[in-house]
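Note sheet for the following structure.
The values are calculated or read from the model by the stated rules, or taken from the named source; none is laboratory data. A quick note: this is a predicted structure, and the numbers were derived from the prediction, not measured. Positions of Cβ are backbone-derived with ideal geometry, glycine not excepted, and every protein chain shown enters the neighbour counts. The protein model used for the area step is the full one, side chains on, heavy atoms only, and it has no ligands, DNA or RNA in it. Shrake-Rupley method; radii C 1.70, N 1.55, O 1.52, S 1.80 Å.
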Amino acid sequence: VTMANNQPPTTNATRKDKRIERDENRGQWKSKSEFILSLLGYAIGIGNVWRFPYLCYRSGGAAFLIPYLLMVILAGIPLFYMEILIGQFSSTGCTGMFRMTPLLKGTGIAQVVVNAYCVCYYSVIISYPIRMIFYCFFKKVPWEDCSNSWNTDDCVTASDMGKQNSSDVFKTSADEFFHLEVLRISTDISDLGGMVWEQLTALIITWIIIYFCLMRGIKSVGKVVYFTVPFPYLLLFILLIRGATLPGAWKGIKFYLYPEWHRLLDLKVWADAAVQMFFGIGPGWGGIVNMASFSSFRNNAKCDSVLIVSINVFTSLLAGFVVFSVLGFLSEKSGIPVESVATGGAGLAFVTYPEAIALLPVPQLWALMFFFMLFLLGIDSVFVQLEAIMSSILDEWYWVRSHKCKLTLISCLIFLGLSSIMCTNGGMFILQLFDWYSSAIAVIVICLVEIIMVAWIYGIKNFMLDVEFMLGKRPTLYWRIVWQVVTPVIIIFILITSIVFIRTITYNNIPYPQWAIIIGWASCFTSVMWIPLYIFYIMIRKRATLCDSLKKRLKPLDWTPADPQDRAEYEAFRRQRRMPGFMSDTDMESSK
């Protein structure tokens, strides 16, 4: 059926056959629900709780939902759907997907590097809730008053905040607890200080949990997500009901959603909506492609994409109600307006929310539920990112497949070692630096390369044919327009505004020195640089003339389904449509 039948046998063809055989043995999800749950776990993370609600309040309340939903519909869903289709069709992860256009394989390497940076700092973020859970078993939660050894003279409890003059310098008891006891934070990033051993212990526990969940790849992840994905929703609903019954809750919710329509004229609001869409849904990291590569070939990917993205948007909105109902209560109790207590990021999760919880009866119970929910929301994202890195290694060097457990263990130990620097006194400054610079712009560049590759280099016509063969139905004209024109334009807009509006990084009002900002930008550059470097490498090691070499590598290499039967049907399908058979073309060229 393939060209091997009428082509003299070559070592090159043998190598391809090996690759196909190896793809068959990658594994598959046991059921569709495992696939959906793992993608939900990946797409829904801590950012839905600590970033979206604050961004929504800051950017015009309900008015912010207009640019946000537009971005989700015109860029989020098309990218998500496209990545699921790529993974499902080719059964390969981040590096293998670029067989579609081999010249751009550097983009796959860039995805692996971005994931590696993110896994390092994200594992530390999800180790903070483990630390906080430990304190929930004390007789009284230690952040509720100022009578602890770490408190300073500037300490004020939440209920006394409203009694302070605006000129007074004060820190809340929860703020001092998190920064002076949990982090034992240094003065700035240049002062690393010593190791916070309790924090390192929490990080080791986190990595042990990650290892046991990932030990058998998607077989174990498929089982774990049945608990880690639905359970946070149960906790969210319990916290929502508790929050909504508190005095002042509706004041907070009104603040969260009160529409300021004039903000729609502010370009920054649109840029914020676009960036939130990107990090809320998670295209460009390779995780979606990788999870879809274990899916069944004929799976209806469109329904999955719309469902997962819709649940993601719903979760962000729901988390906003959970957060702002409690902030309204905090405002009521402390006598300080909601806008003064509202924060985003780590400050919301580990300072402001615990502060409000401390004012409730039995604060230990509510704190335990909240931190356990944060941990579960975060850990699924690490599963998928780490699995994406490991699948890329396995797809490149298939002999490693028989040592998957060892590879998982070595990866976990390496990432534990690398992330341990963030458990020092100055660790939070390093964490924020990488969170701020390493992935934001890099992922947008990767998405831009991806969509240009699919819509313009490989060709939208070819891609539509692939989807038609796989799903038995050609995507409508709507998908052709968004993939070819609308989404690329939006991604270019997001890239430009992200660079233009990037703010100078500070943490806890402490500015970063210039050398640290250079390191931050370097972390972004070290992932993106693989895209041009790989093109340059191909140009250097060209066998034909430069022009022929580049032309050849802009054509697909072995871009066919993994299963031999699907592959044979696909070749026949392309012949019937009078389209060139990609496998055959590249085989003939490379065996000349």
(request) Would you be able to say whether some residue in the range 317-340 is free of Cβ contacts under 8 Å to residues at least 60 places away in the same chain, surrounded by fewer than 19 Cβ atoms within 10 Å (Cβ to Cβ) and of a type outside the set (A, V, I, L, M, F, W, C)? (result) yes
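Scan the range 520-536 for residues that are within 23 Å of the chain's Cα centre (by Cα) and part of a helix (DSSP H, G or I) and jot them down.
Going through the range 520-536, the residues within 23 Å of the chain's Cα centre (by Cα) turn out to be 520-531.
Once the filter is applied, which keeps residues that are within 23 Å of the chain's Cα centre (by Cα) and part of a helix (DSSP H, G or I), the range 520-536 yields Gly520, Trp521, Ala522, Ser523, Cys524, Phe525, Thr526, Ser527, Val528, Trp530, Ile531.
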(request) Looking only at the range 221-258, count how many residues are in contact with a Gly (Cβ under 9 Å, 6 or more places away or on another chain) and over 29 Å from Ile357 (Cβ atoms). (result) 1
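Pick from Ile430, Ile393: which is among the aliphatic types (A, V, I, L, M), at pLDDT 95 or above and part of a helix (DSSP H, G or I)? Give the steps one after another, and end with the answer.
On the way: Ile393 fails: at pLDDT 95 or above.
Testing whether each residue is among the aliphatic types (A, V, I, L, M), at pLDDT 95 or above and part of a helix (DSSP H, G or I) leaves just Ile430.
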(message) Among the residues in the range 40-53, are any within 30 Å of Ile460 (Cβ to Cβ), modelled with pLDDT under 95 and open to solvent by less than 10 Å² (accessible area, probe 1.4 Å)?
(response) yes
(request) Go through the range 279-367 and tell me which helices (runs of 4 or more DSSP H), entirely inside it, have 3 or more residues that are under 24 Å from Cys136 (Cβ atoms). (result) 301-334, 353-357
(request) Could you tell me whether any residue of the range 190-205 is open to solvent by less than 10 Å² (accessible area, probe 1.4 Å), within 30 Å of Lys404 (Cβ to Cβ) and assigned to a loop (DSSP other than H, G, I, E, B)? (result) no
(request) Filter the range 122-149 for residues that are surrounded by 15 or more Cβ atoms within 10 Å (Cβ to Cβ) and outside any helix (DSSP H, G or I) and give the result. (result) Ile126, Cys136, Val141, Pro142, Trp143, Glu144, Asp145, Cys146, Asn148
(request) Within the range 537-567, count every residue that is farther than 23 Å from Gly459 by Cα and under 32 Å from the mean Cα position of the chain (by Cα). (result) 2
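Can you confirm whether Trp399 is closer than 23 Å to Ser293 by Cα, in contact (Cβ under 8 Å) with a residue 40 or more places away in the chain and among the aromatic types (Phe, Trp, Tyr)? Walk me through how you get there before you give the answer.
Values: closer than 23 Å to Ser293 by Cα: yes; in contact (Cβ under 8 Å) with a residue 40 or more places away in the chain: no; among the aromatic types (Phe, Trp, Tyr): yes.
For Trp399, the condition - closer than 23 Å to Ser293 by Cα, in contact (Cβ under 8 Å) with a residue 40 or more places away in the chain and among the aromatic types (Phe, Trp, Tyr) - is not met.
Suppose we filter the range 306-316 for residues that are in contact (Cβ under 8 Å) with a residue 24 or more places away in the chain and either under 16 Å from Phe279 (Cα atoms) or in contact with a strand residue (DSSP E or B) (Cβ under 7 Å, 6 or more places away or on another chain) (or both); how many remain?
First pass over the range 306-316, keeping only residues in contact (Cβ under 8 Å) with a residue 24 or more places away in the chain: 306-309, 311-313, 315-316.
Narrowing the set further to residues that are either under 16 Å from Phe279 (Cα atoms) or in contact with a strand residue (DSSP E or B) (Cβ under 7 Å, 6 or more places away or on another chain) (or both) leaves 308-309, 311-313, 315-316.
Of the residues in that region, 7 qualify.
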(request) Could you please give the count of residues in the range 96-111 that are under 19 Å from the mean Cα position of the chain (by Cα) and surrounded by fewer than 24 Cβ atoms within 10 Å (Cβ to Cβ)? (result) 1
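Kindly evaluate Ile389 against the criterion of being open to solvent by 30 Å² or more (accessible area, probe 1.4 Å), touching a residue at least 12 places away in the same chain (Cβ under 8 Å), under 20 Å from the mean Cα position of the chain (by Cα) and closer than 28 Å to Cys213 by Cα. Please lay out each step first, then the result.
Working: open to solvent by 30 Å² or more (accessible area, probe 1.4 Å): no; touching a residue at least 12 places away in the same chain (Cβ under 8 Å): yes; under 20 Å from the mean Cα position of the chain (by Cα): yes; closer than 28 Å to Cys213 by Cα: yes.
In short, no.
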(message) Could you check the range 530-562 and list, in sequence order, the residues that are free of Cβ contacts under 8 Å to residues at least 12 places away in the same chain, closer than 23 Å to Val443 by Cα and in contact with a helix residue (DSSP H, G or I) (Cβ under 6 Å, 6 or more places away or on another chain)?
(response) none
(request) Of all residues in the range 193-249, count the ones that are out of contact with any Ser or Thr (no Cβ under 8 Å at 6 or more places or on another chain), hydrophobic (A, V, I, L, M, F, W, C) and farther than 30 Å from Ser392 by Cβ. (result) 7
(request) Scan the range 523-556 residue by residue and report those that are closer than 15 Å to Pro102 by Cβ and of a type in the set (S, T, N, Q). (result) Ser549
(message) As an exercise: evaluate Gly378 against (1) of a type in the set (Gly, Ala, Ser); (2) crowded, with 16+ Cβ neighbours inside 10 Å; (3) over 17 Å from the mean Cα position of the chain (by Cα) and give the number of the one condition it does not meet.
(response) (3)
(message) Just the residues that are out of contact with any strand residue (DSSP E or B) (no Cβ under 8 Å at 6 or more places or on another chain) and more than 14 Å from Gly335 (Cα to Cα), please, taken from the range 153-176.
(response) Asp153, Ser167, Asp168, Val169, Ala174, Asp175
(message) Regarding the range 539-547, can at least one residue be identified that is small (Gly, Ala, Ser) and open to solvent by 30 Å² or more (accessible area, probe 1.4 Å)?
(response) yes
(request) Filter the range 233-266 for residues that are open to solvent by 90 Å² or more (accessible area, probe 1.4 Å) and among the aliphatic types (A, V, I, L, M) and give the result. (result) Leu234, Ile241, Leu265
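Looking at Leu431, Leu374, Leu407, can you tell me which residue is on the phi < 0 side of the Ramachandran plot and without any contact (Cβ under 8 Å) to a residue 60 or more places away in the chain? Show your work before the answer.
Details: Leu431 fails: without any contact (Cβ under 8 Å) to a residue 60 or more places away in the chain; Leu374 fails: without any contact (Cβ under 8 Å) to a residue 60 or more places away in the chain.
Being on the phi < 0 side of the Ramachandran plot and without any contact (Cβ under 8 Å) to a residue 60 or more places away in the chain holds for just one of Leu431, Leu374, Leu407, which is Leu407.
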(request) Could you tell me which of the residues Trp270, Trp285 is more than 30 Å from Ser391 (Cα to Cα) and open to solvent by 10 Å² or more (accessible area, probe 1.4 Å)? (result) Trp270
(message) For the range 150-189, which positions are part of a helix (DSSP H, G or I), at pLDDT 90 or above and among the aliphatic types (A, V, I, L, M)?
(response) Ala174, Leu180, Val182
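Just to check your reading of the model, which residue among Arg22, Arg26 is of a type in the set (D, E, K, R), under 28 Å from Gly222 (Cβ atoms), modelled with pLDDT of 50 or more and open to solvent by 10 Å² or more (accessible area, probe 1.4 Å)?
Values: Arg22 fails: modelled with pLDDT of 50 or more.
Of Arg22, Arg26, the one residue that is of a type in the set (D, E, K, R), under 28 Å from Gly222 (Cβ atoms), modelled with pLDDT of 50 or more and open to solvent by 10 Å² or more (accessible area, probe 1.4 Å) is Arg26.
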